[in-house]
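The values are calculated or read from the model by the stated rules, or taken from the named source; none is laboratory data. Because the structure is predicted, anything quoted here is derived from the model rather than measured. No Cβ is skipped: glycine too gets one built from the backbone with ideal geometry, and neighbour counts run over all protein chains shown.
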Amino acid sequence: MTYDQFWLRYLRAHARPETRAIHYAGSSLAILAILRAVWRRDWRWLLAAPAIGYGSAWGAHYGIEHNRPETFGHPVWSLLSDFRMASLAASGRLAPHLARAGVA
């Protein structure tokens, strides 16, 4: 599978806006946890960061989307795609990607 094929599959796995919103929030909170770990020199926040980020995302997949997170099959591509999706959404450029993936 190419990354482009994965990207379209990733977007289809995040079809519901609620799932995407929870991903954005979880990723943002995970970044804040990392920054707090560095700023406060409290390295426990480094352990909390993946739990916050992945926990919220996986909860959205199981509770809202009712599918399996893409992280399990392609962890690196999934992480990159999460930030790509968030940056495209923040810049108002996600809609054409969703349309290309067949997400209404």
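Tell me yes or no: at least one residue of the stretch 42-54 is part of a helix (DSSP H, G or I), touching a helix residue (DSSP H, G or I) at 6+ places or on another chain (Cβ under 9 Å), hydroxyl-bearing (S, T, Y) and at pLDDT 95 or above.
Checked the stretch 42-54: no residue is part of a helix (DSSP H, G or I), touching a helix residue (DSSP H, G or I) at 6+ places or on another chain (Cβ under 9 Å), hydroxyl-bearing (S, T, Y) and at pLDDT 95 or above.
Mind checking which residues of the stretch 68-96 are farther than 17 Å from M1 by Cβ and not hydrophobic (A, V, I, L, M, F, W, C)?
Result: D82, S87, S91, G92, R93, P96.
Look through V76, V38 and report the one residue that is out of contact with any helix residue (DSSP H, G or I) (no Cβ under 9 Å at 6 or more places or on another chain) and hydrophobic (A, V, I, L, M, F, W, C).
V76
Look through S56, S27, S81 and report the one residue that is in contact (Cβ under 8 Å) with a residue 60 or more places away in the chain and surrounded by 15 or more Cβ atoms within 10 Å (Cβ to Cβ).
S81
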